[in-house]
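Accompanying notes for the structure given below.
The values are calculated or read from the model by the stated rules, or taken from the named source; none is laboratory data. Just so it is clear, the structure is predicted and the values come from calculations on it, not from any experiment. Virtual Cβ from ideal backbone geometry, glycine too; neighbours counted across all protein chains shown. What goes into the accessible areas is simple: the full protein's heavy atoms, side chains included, and nothing from ligands, DNA or RNA. Shrake-Rupley method; radii C 1.70, N 1.55, O 1.52, S 1.80 Å.
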Amino acid sequence: MTGVTQLSDHRPFPDLSVAEFAVLIALLRAGPHQAGFLIPTLDSWFDTKLCVADLEPTIARLIRANLILRRGETLYPRRHARNLIIGVYGNLFRILADDMAQLVSLQEPSLLGTLKSYLTRREQEDREKQKQKDD
């Protein structure tokens, strides 16, 4: 019987989608649960409304990558998934720190424009939501 090769083995950097990263973080924080339990957290992080069917392709990829295990309806994070997530967190912090340093120094004006556009859009959406609640 051959051993299982972890996703991070023999790679210069891990290959995770944002969805896979988020599902793993939510599952590692919550511990073993059904996929539906993760939805409120993921809805908040992605500012959307998800259902279990939306998560199934991501869950299937994580199972194939041996990062989570499914027993019945319950998802279990594999022990080595924690180390992978810690490494990816570190990578993201370095990437974001570099972007923020460029943004602050205005060496990359497109980042500033992108951030302003996002914040303006969110502010407008929040005002519209509040107006709907008030009506």
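Each Lys and Arg adds +1 at its Cβ and each Asp and Glu adds -1 at its Cβ; summed about the Cα centre, the chain shows a dipole of about 500 debye.
Our compactness index for the chain, the C-alpha radius of gyration over the empirical 2.2 N^0.38 Å, is 1.31.
Between the helical axis of 109-134 and the longest alpha-carbon principal axis of the chain there is an angle of about 80 degrees. Heavy atoms only, probe 1.4 Å: what % of the accessible area of the chain goes to carbon and sulfur, would you let me know? Exposed carbon and sulfur together represent 56 percent of the surface. Packing, as the average of other Cβ atoms within 10 Å across residues, places the peptides 80-86, 21-27, 52-58, 91-97 in the order 21-27, 80-86, 52-58, 91-97, highest first.
A 1.4 Å probe run over the chain, with the rest of the protein chains in place, finds 71 Å² accessible per residue.
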